[in-house]
Amino acid sequence: MEKTRPVWDNPLQFVFACISYAVGLGNVWRFPYLCQMYGGGGFLIPYLIMLILEGMPLLYLELNVGQLLRQGSIGAWKSISPYLGGVGIASMVVSFFLCIYYNVINAWAFWYLFHSFQEPLPWSNCPVNSNLSAYNEECERSSPTQYFWYRETMNISPSILQSGEIQWELAVCLILSWFVVYLCILRGTESTGKLEQLANLKTWINAATQIFFSLGLGFGSLIAFASYNEPNNNCERHAIIVSLINSGTSIFASIVTFSIYGFKATFNYENCMSRDILLLTNTFDLEEGSVTTENLGDMKNYLNATFHQEYSSIVPLLKNCSLEKELSTAVQGTGLAFIVYTEAIKNMEVSQLWSVMYFLMLLMLGLGSMLGSTAAIITPLTDSKFISKHLPKEAVSGLLCFTCCIIGLVFTLESGSYWFDIFNDYSVTLSLLLIVFAEIIGVCYVYGLSRFENDIEMMTGHKLSWYWKIMWGFTSPLLIISLFIFYLTDYIMAGTLQYKAWDATLGQLVTKDYPPYALAVIGLLLVAPVCCITVVAIVNIVTRIKRNENCNVIQT
């Protein structure tokens, strides 16, 4: 154990660091999307169940491991058993994948923040075409907020097959984001409704993975944070506080998000009805006010029966206006943060002020998550005697930020949004299930639950309650095994993987199949962390067999 290891100035500082890491962009955009996708308020039932059965127990376990062994993820799991050294490496790999793409969201937030000082906001209205005779057709087919996101911000290509050029404005924002992250790292530990959906296995899988993703379980960040605690720190209380604040923030963000969904859906529905009414009034030279939202359907039927040929000519221009359809259309991830919210902001009074405040909030959330993710990589690296002997922490941090920034330039290509979706969908979900499963098995059945219980009592002076023992020993691992089986059957075996591509001619997203090389990248993202766990275990087994050694449960 490292005697000169720095510690948090006080426990409150540690709690705030954990909250800053856990409460991030996932609370603002991913959780509300999942709520809408899987039954609205009904999604809260599996979410809260998974919070109690998986989230809090695993968070408490990781905090205890870090505080007890006072090492980063690699050193901590290697200390528990040499066979588990790969778990720490897998956590580092997953955190590295996360760092590569997650800071791009901060780059987008910077881009929108810089444009928030314009009057009017650039996503308030459609731009005119090149000959100044009408509005841009792509914007007309979609909306000003979608046009600004897909065309002005990303200049998105029609498919992942067309890489396009680097968008240098975004590249500069990405470099700025990594520079801010690096400056923060240098401060170190001183600053840092529909119940039928319950029968849907995807609902439970997504509830569990949202808990893992939001709390940051399996990334190694929480182990790194806890390794800077005093040995007698009360992790149990902190685990409960962080879990409840994180989930409370997600639920509160959902309330705000659904309010914006309702506003946007009603606004779009009323605009759709107004366009149809205006089209019918002008085409058939009707008296103004004769067509209303109440009698629009009847008037369409009447005009179709009376003036069939003339009516047929405008059918392609008429919209099938539906409030239910607008309400059921979810925008996931970055689309939610940069399309739906900006739709609401542009209609507010003093919209520039609200826009600046909103994107500053996104930056704060994103930077908090990034600091936790980078700590999961930097802490085990600087714990290594070989690396710390040759490179100071500042150099390790700088190399990490530089490497991630260079690789992250891929996401500033015209096809960058599609690559972002690949990393966001496949780089962490399956890996986190396997990592947290290995953590539980390692602590409870390799190191020994009773032994771990004695260590916690010696460390904190409190006995481990029956709740934690039951969750760690039986409930959590069995649930993870079930989720893993469901994931494989439902996601991997479902058929050809597809993605959503922007069609400029239609002004909407269309579904396309991933090309072979994209599938290869997806396979790499899924397999790489798993290989770390298995390869390290196999190498240790082979090495000990050759040396005719017995495997000790923990190194001394």
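Computed from the coordinates by the stated procedures, all read-outs in this text should not be read as laboratory data. In this text the structure is predicted, and so the values were computed from the model without any measurement. Every residue, glycine among them, receives a Cβ derived from its backbone with ideal geometry; neighbour counts consider all protein chains shown.
Could you work out the equivalent-ellipsoid semi-axes for segment 292-420, taking the square root of 5 times each eigenvalue of the Cα gyration tensor, largest first, in whole Å? Can you show the working numbers first?
Numbers: eigenvalues 603, 66, 29 Å².
Square roots of five times the eigenvalues give 55, 18, 12 Å.
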First measure r as the distance between the Cβ atoms of residue 294 and residue 403, then evaluate 1/(1 + (r/R0)^6) with R0 = 51 Å and state the FRET efficiency to the nearest 0.05. 0.25
Label-point separation, residue 453 to residue 481 (7 Å along Cα→Cβ), nm: 2.1
Can you tell me the alpha carbon radius of gyration of segment 380-511 divided by the globular rule-of-thumb value 2.2 N^0.38 Å? 1.57
If I model a spin label at residue 510 and residue 385 as a point 7 Å from the Cα along the Cα→Cβ vector, what separation in nanometres do I get? 6.1
Around residue 433, what is the net charge, scoring Lys/Arg as +1 and Asp/Glu as -1 over all other residues with Cβ under 14 Å from its Cβ? -3
Whole number please: convex hull volume per residue of the Cα set in segment 487-548, in Å³? 113
Determine which aspartates and glutamates satisfy two conditions relative to residue 393: a Cα distance under 15 Å, and not lying fewer than 8 residues away in the same chain. 190, 383
Would you list the P(r) distribution for the chain, with all Cα-Cα distances sorted into 10 Å bins from 0 and each bin expressed as a whole %? 3, 16, 26, 24, 15, 8, 4, 2, 1, 0
Starting from the Kirkwood Rh over alpha-carbon pairs, what translational D in µm² s⁻¹ does segment 126-184 have by Stokes-Einstein at 37 °C and 0.692 mPa s? 241
Just round it to a whole percent: the fraction of Cα-Cα distances in segment 73-162 exceeding 23 Å. 52
I need the peptides 409-422, 524-537 ranked by packing, meaning the mean over residues of other C-beta atoms within 10 angstrom, with the highest value on top. 409-422, 524-537
When we measure straight from the Cα of residue 385, which aspartates and glutamates land under 12 angstrom away, once same-chain ones fewer than 8 places off are left out? 2
Note the full-extension length gain between residue 547 and residue 445 as 0.36 nm times their separation in residues minus their Cα-Cα distance, in nm to one decimal. 34.3 nm
Of 300/500; 319/346; 325/500; 319/512; 78/389, those spanning more than 22 Å from alpha-carbon to alpha-carbon: 300/500; 319/346; 319/512
For residue 172 paired with residue 462, estimate the spin-label separation in nm (one decimal), with each label point 7 Å from Cα along the Cα-to-Cβ line. 5.1
Farthest towards the positive end of the dipole of the chain, among 69, 496, 476 and with Cβ unit charges of +1 on Lys and Arg and -1 on Asp and Glu, lies the Cα of 69
Could you tell me the largest-minus-smallest coordinate of the C-alpha atoms of segment 416-467 on each of the three principal axes, in descending order and whole angstroms? 51, 21, 18
Sort the following peptides by mean Cβ neighbour count (other Cβ atoms within 10 Å, averaged over residues), highest first: 425-436, 456-467. 425-436, 456-467
Mind putting a number on the dipole of the chain about its Cα centre? Charges go on the C-beta only, +1 for Lys and Arg and -1 for Asp and Glu, and I need it in Debye to the nearest 20. 2320
Radius 14 Å from Cβ of residue 538, net charge of other residues (Lys, Arg +1; Asp, Glu -1): +2
